[in-house]
Amino acid sequence: MARVVVTGKIPSGGLERLKAEHEVTAWEKDDAISRAELLTMVAGADAIVSLLTEKIDDELLDAAGPQLKSVSNVAVGYNNIDVPACEKRGVLVTNTPGVLTEATADIAMALILMSTRRLAEGERVIRKQEPWQWGMFYMLGMGLQGRQLGIVGMGQIGIATARRAKAFGMNIAYTRRSPLEDNVVKELDAKYMSMDELIESSDVISLHCPYSPATHHLISENQFARMKKTAFLINTARGPIVHEQALVDALKSGEIAGAGLDVFENEPAVNPGLLELDNAVLIPHLGSATVETRAAMADIAATNALAILAGAQAPNLVTS
Ligand code: DGY
């Protein structure tokens, strides 16, 4: 029996599978665990099942000890984990790809609609009981039909978002490091573009790339200056891909038309400049937040951790 530490609340299915085979210590409170409590809790762990809110770095790996075999993130993104530090110690890292693709693409599409059709702004008018009346020119937005959606990072979630946008009549452009499979290009009639070309020609730009040093502030002052003044930026990936203050400035000055954000540079803090802007739609990192998706994520994380503890190949290794 190994010692498994689960650093936050996870759906019961995944947790029960871990408990059935191992001695599990799980953080049971709704509030995220403090760093000090986390460092104490991981001591002696053979496996850690982590949430994206927990930083897994040298300090934590030291606190856990040399017996640690694996860190299984209950998320597809794993920028909270110092993967090279884990690799150096032979600690295997896993994530949960696949199961949150559709839920996250739903949220990306929702943000596209909310920002281009000014839905949050409209809802605020009603809630604040401000005077309003149907008018020929009242609260006009941008229609999606025939507009170009530029997908930055055409992986599973980018493709799923493109499928939804295509059904709304949008044309798809994309950037990607490796070539996209022919059948997907054909299905979506998707056009490969350089990042510069995509930024300059898209009506809506949706970010779906992983966060890494290479994508830190990928969208900054320079990119906003080259976007159409009528363009919208959507981010359901990771906050620090966008320079948040540069975004505030671009939204304020009319350099771009609007933004829809599910993620923030210093989560859970939100740049106060964004809060003042009607052309920013802001939601609290809800991409994978469905009951079914979260259950599937916990289940996959458990599968990964159990496989490693049993000496088998984990299905979703991000380390080699
Ligand atoms: C992920 O899994 O990376 C998502 O951001 C979680 O919502």
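Each principal axis of the Cα cloud of segment 55-133 was evaluated for its coordinate range; sorted largest first, these ranges are 67, 25, 15 Å. Restriction of the trypsin sites (Lys or Arg not before Pro) in segment 216-263 to DSSP coil positions whose beta-carbon has at most 10 other beta-carbons within 10 angstrom yields 229. Modelled spin-label separation between residue 194 and residue 36, with each label point placed 7 Å from Cα along the Cα-to-Cβ direction: 5.3 nm.
At 1.4 Å probe size, with the rest of the protein present, what percent of the exposed accessible area of segment 210-253 is carbon and sulfur atoms? Exposed carbon and sulfur together represent 57 percent of the surface. Loop-resident GluC sites (Glu not before Pro) (DSSP state other than H, G, I, E or B) in segment 1-95 with no more than 11 further Cβ atoms inside 10 Å of their Cβ: 28.
Residues considered: 131, 66, 268. Largest GNM mean-square fluctuation over the chain, using C-alpha springs under 10 Å, is found at 131. The equivalent ellipsoid that matches the C-alpha gyration tensor of the chain spans semi-axes of 38, 22, 18 angstrom, in descending order.
Comparing Cα centroids, segment 235-308 and segment 137-160 end up 17 angstrom apart.
Neighbours of residue 80 by Cβ distance under 13 Å: Lys/Arg scored +1, Asp/Glu scored -1, total -1.
Basic side chains Lys and Arg get +1 at the Cβ, acidic Asp and Glu get -1 at the Cβ, and with that the dipole of the chain about its Cα centre reaches some 640 debye.
In the chain, helical runs assigned H by DSSP with n ≥ 4 each contribute -39500 (n - 2.57); averaged across all residues and rounded to the nearest 500, the mean residue ellipticity at 222 nm is -10500 deg cm²/dmol. What is the local net charge at residue 222, summed over the other residues whose Cβ is closer than 13 Å to its Cβ (Lys, Arg +1; Asp, Glu -1)? The answer is -4. Shown here for segment 245-320: GluC sites (Glu not before Pro) in loop regions (DSSP other than H, G, I, E, B) with at most 14 other Cβ atoms within 10 Å, namely 276.
Between 160, 298, 63, the GNM of the chain built on Cα springs shorter than 10 angstrom shows 63 fluctuating the most. Beyond 26 Å, how much of the Cα-Cα pair distribution for segment 101-282 remains, as a whole percent? Across segment 101-282, Cα pairs with separations above 26 Å total 26 percent. Of all the options 126, 157, 199, the one that moves most in a Gaussian network model of the chain with Cα springs shorter than 10 angstrom is 126.
For residue 114, the accessible area of its heavy atoms, probed at 1.4 Å with every protein chain present, is near 50 square angstrom. Relative to the longest principal axis of the Cα atoms of the chain, helix 291-309 runs at roughly 40 degrees. Look at the alpha carbon pairs under 8 Å that are at least 6 residues apart: their mean separation over the length of the chain gives a relative contact order of 20 percent.
The values are calculated or read from the model by the stated rules, or taken from the named source; none is laboratory data. Only a predicted model underlies this, so the values are computations on that prediction, with no experimental measurement involved. Positions of Cβ are generated from backbone atoms using ideal geometry, with glycine treated the same way; all protein chains shown enter the neighbour counts. These area figures cover heavy atoms from the full protein model, side chains too; ligands, DNA and RNA do not enter into them. Shrake-Rupley method; radii C 1.70, N 1.55, O 1.52, S 1.80 Å.
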